[in-house]
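What follows is a set of notes on a single structure, which appears directly below.
The values are calculated or read from the model by the stated rules, or taken from the named source; none is laboratory data. This is a predicted model, so every value here is computed, not measured. Note that we place each Cβ from the backbone using ideal geometry, even for glycine, and neighbour counts take in every protein chain shown.
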Amino acid sequence: MIGMILFLLIVVLVIGYTVTIYNGLVRTRNEVKLAWSNIDVLLVQRHDELPKLIEVCKQYMQYEQGTLERVTQARSQVEAARSSGDVSSVSQAEGALRSGLANLYAVAERYPDLKADAAFRNLSSRISALETAIADRREIYNDAANAQNVRIETFPDAIIAGLFNFGPARLLRFEAAQTADVDVGLAFGK
């Protein structure tokens with residue numbers, strides 16, 4: 001009888017421990033989803049602001065259509081990547097958009113009337129604030145993704161993660177070329 005009670009106690013403890021690990025894995029997976037959702041909200045907000053900025057710039061930058069088209073194309077790529085939820089594609093598209101915006105701002109330096117335009121200043125400030133918020137949220141997302149990845153790779157969580165198909169989360173990374181300072185001299189033909 002004592003053996004049976006001991007056996008049942010061990011089974012209950014194992015089941016309880018398994019449930020605790022499973023719930024922890026669900027929590028970390030949901031933290032990754034939440035962090036991505038926060039980035040997604042900011043990407044949508046920036047996505048909505050960019051056409052306004054481009055429209056303001058078009059009024060002044062008649063001869064800079066290539067720069068405006070690159071920003072528009074990069075914006076579309078970010079939207080497509082964001083919609084698909086593919087973190088790697090978002091990383092690549094974000095790099096192209098960041099580069100396009102840097103070139104747009106550099107070219108805007110040639111147009112004092114544009115720089116003085118209140119709408120341009122407000123939109124550039126708003127987009128810059130969104131860029132900063134995206135960078136902050138990217139850090140939070142990567143922390144959550146790393147926490148999930150550590151949990152699914154460590155014992156005993158790895159066993160439960162494998163049984164219930166908890167996969168790794170992709171980190172949102174930018175290549176060195178995407179995070180390097182932009183050479184504004186190139187935009188001015190130097």
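Among the residues of the stretch 35-82, those that are modelled with pLDDT of 85 or more and hydroxyl-bearing (Ser, Thr, Tyr) comprise SER37, THR72, SER76.
Given the residues ALA169, ALA96, which is the only one that is in a loop (DSSP other than H, G, I, E, B), among the aliphatic types (A, V, I, L, M) and surrounded by 16 or more Cβ atoms within 10 Å (Cβ to Cβ)?
Values: ALA96 fails: in a loop (DSSP other than H, G, I, E, B).
Of the residues listed, the single one that is in a loop (DSSP other than H, G, I, E, B), among the aliphatic types (A, V, I, L, M) and surrounded by 16 or more Cβ atoms within 10 Å (Cβ to Cβ) is ALA169.
Filtering the stretch 49-73 to residues that are loosely packed, with under 12 Cβ neighbours inside 10 Å and acidic (Asp, Glu) leaves nothing.
Count, please, the residues in the stretch 60-72 that happen to be assigned to a helix (DSSP H, G or I) and touching a residue at least 24 places away in the same chain (Cβ under 8 Å).
Of the stretch 60-72, the ones assigned to a helix (DSSP H, G or I) are 60, 65-72.
Cutting the leftovers down to touching a residue at least 24 places away in the same chain (Cβ under 8 Å) gives us 60, 67-68, 70-71.
Result for the stretch 60-72: 5.
Among the numbered conditions (1) more than 12 Å from the chain's Cα centre (by Cα); (2) part of a helix (DSSP H, G or I), the only one that ARG110 does not meet is (2). Could you say whether any residue in the stretch 4-17 is surrounded by 11 or more Cβ atoms within 10 Å (Cβ to Cβ) and among the aliphatic types (A, V, I, L, M)? No, the stretch 4-17 contains no residue that is surrounded by 11 or more Cβ atoms within 10 Å (Cβ to Cβ) and among the aliphatic types (A, V, I, L, M).
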